[in-house]
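The structure appears right after this line, and notes come after that.
The values are calculated or read from the model by the stated rules, or taken from the named source; none is laboratory data. These numbers come from a predicted model, not from an experiment. Every residue, glycine as well, gets a Cβ built from its backbone with ideal geometry; the counts of neighbours run over all protein chains shown. The accessibility values were calculated without ligands, DNA or RNA, using every heavy atom of the protein model including side chains. Shrake-Rupley method; radii C 1.70, N 1.55, O 1.52, S 1.80 Å.
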Amino acid sequence: MLTLYDAARCPYCARVRIVLAEKRVEYEAIEIDLADRPAWIYEKNATGRVPVVEEDAWLLPESAVIMEYLEERYPEPALLAADPADRALARLVIFRQDDFTKPYYALRRGDDGAAERFDAALGGLDAALLRRPWLGGAAFGLADIAYVPWVLRARDMLGVPFDAFPAVGSWLDRLVERPSIAMEVDVVAAL
Ligand SMILES: N[C@@H](CCC(=O)N[C@@H](CS)C(=O)NCC(=O)O)C(=O)O
């Protein structure tokens with residue numbers, strides 16, 4: 001049985017929860033209180049951060065790496081395309097996550113100019129989604145899962161409107177129809 005060291009409010013953990021739900025993998029979740037982390041979490045991950053997955057005493061941190069591991073460990077349903085160029089595009093989008101998450105955290109902290117920075121980041125996402133239906137290309141997959149936790153939190157916790165970003169709004173509407181993402185909407189609502 002796979003164990004996930006998890007935190008409901010953590011968007012990086014949300015990535016892993018969504019992949020596990022998409023692949024219908026049973027797992028045990030151990031909730032970590034991020035405000036008062038147990039000392040033993042450093043034995044699971046030297047940085048003390050979540051998510052971490054554990055399988056038969058084997059440990060893996062880092063959400064982007066965990067998503068790829070789960071994709072290989074549980075190939076069905078596929079969350080990366082078969083075509084190498086499409087796979088590379090999804091990986092590129094995930095690699096550039098900071099372009100989106102840094103403006104999000106600036107907004108959450110209330111930094112000067114953060115609303116404009118976050119709007120620019122949403123504009124980038126919107127432009128990508130005008131070119132293709134999903135962030136990774138023709139099909140839903142890891143690239144969408146990599147970004148949606150922050151977009152949901154921006155909408156539901158920070159009250160960011162997406163009226164100026166219709167492609168993002170329509171992408172989110174399609175995403176929340178998936179049980180794996182609807183579950184995450186509920187997690188965010190309960191925070
Ligand atoms: N690069 C890591 C980031 C994980 C991360 O920052 N997790 C946060 C919670 S959302 C955490 O554990 N923070 C505790 C800390 O930074 O000490 C990943 O992608 O998994």
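Modelled spin labels at R174 and D98, positioned 7 Å past Cα toward Cβ, are 3.0 nm from each other.
Residue-wise HN-Hα couplings along segment 59-71, as the Karplus relation 6.51 cos²θ - 1.76 cosθ + 1.60 with θ = phi - 60° gives them from phi, are 10, 9, x, 6, 4, 5, 6, 4, 4, 5, 4, 4, 4 Hz; Gly and Pro carry x. As a size descriptor, the averaged projected area of the C-alpha convex hull of segment 48-127 was calculated at 7.3 nm².
What net charge is computed for the residues neighbouring R87, neighbours being all others with C-beta under 11 Å from the C-beta of R87, Lys and Arg scored +1, Asp and Glu -1?
With Lys, Arg at +1 and Asp, Glu at -1, the neighbours total -3.
All alpha carbon pair distances within segment 1-108 were sorted into 10 Å bins beginning at 0; the resulting P(r) in whole percents reads 13, 43, 33, 10, 0.
Once the convex hull of the C-alpha atoms of the chain is built, how many Å³ does it hold per residue, rounded to a whole number? Display every interim value, and only then the final one.
Details: hull volume 22.7 nm³, N = 191.
Enclosed volume per residue, from the Cα hull, is 119 Å³.
Scanning residues 5 or more positions from V52 or on other chains, those with amide H under 5 Å from its amide H are Y5, with H placed 1.01 Å from N in the peptide plane.
Working out 0.36 nm times the residue gap between A115 and D186, then minus their Cα-Cα distance, what length gain in nm do you get to one decimal? Walk me through the numbers before you get to the answer.
On the way: separation 71, 0.36 × 71 = 25.56 nm, distance 2.54 nm.
Once the chain is fully extended between A115 and D186, it gains 23.0 nm.
Computed over the Cα atoms of segment 120-167, pair by distinct pair, the Kirkwood hydrodynamic radius stands at 11.2 angstrom. With θ taken as phi - 60° and the Karplus curve 6.51 cos²θ - 1.76 cosθ + 1.60 applied, the whole-hertz 3J(HN,Hα) list for segment 35-50 is 7, 8, 5, x, 4, 5, 5, 5, 6, 8, 8, 4, 7, x, 9, 10 Hz, x standing for glycine and proline.
When the dipole is taken about the Cα centre of the chain, and only Lys, Arg (+1) and Asp, Glu (-1) are charged at their Cβ, what size is it in debye, to the nearest 20?
Details: 22 positive and 32 negative charges, 81 e Å.
The calculation lands at about 380 debye.
The residues of the chain expose on average 50 square angstrom of accessible surface per residue, using a 1.4 Å probe on protein heavy atoms. By accessible area, using a 1.4 Å probe on protein heavy atoms only, the chain has 53% of its surface on carbon and sulfur.
With θ taken as phi - 60° and the Karplus curve 6.51 cos²θ - 1.76 cosθ + 1.60 applied, the whole-hertz 3J(HN,Hα) list for segment 169-183 is x, 6, 4, 5, 4, 5, 5, 5, 6, 7, x, 5, 8, 4, 4 Hz, x standing for glycine and proline.
For segment 43-173, the relative contact order is 21 percent, taking Cα pairs closer than 8 Å that sit 6 or more residues apart in sequence and dividing their mean separation by the residue count.
Expressed to the nearest 5 percent, the antiparallel share of DSSP beta bridges inside the chain is 60 percent.
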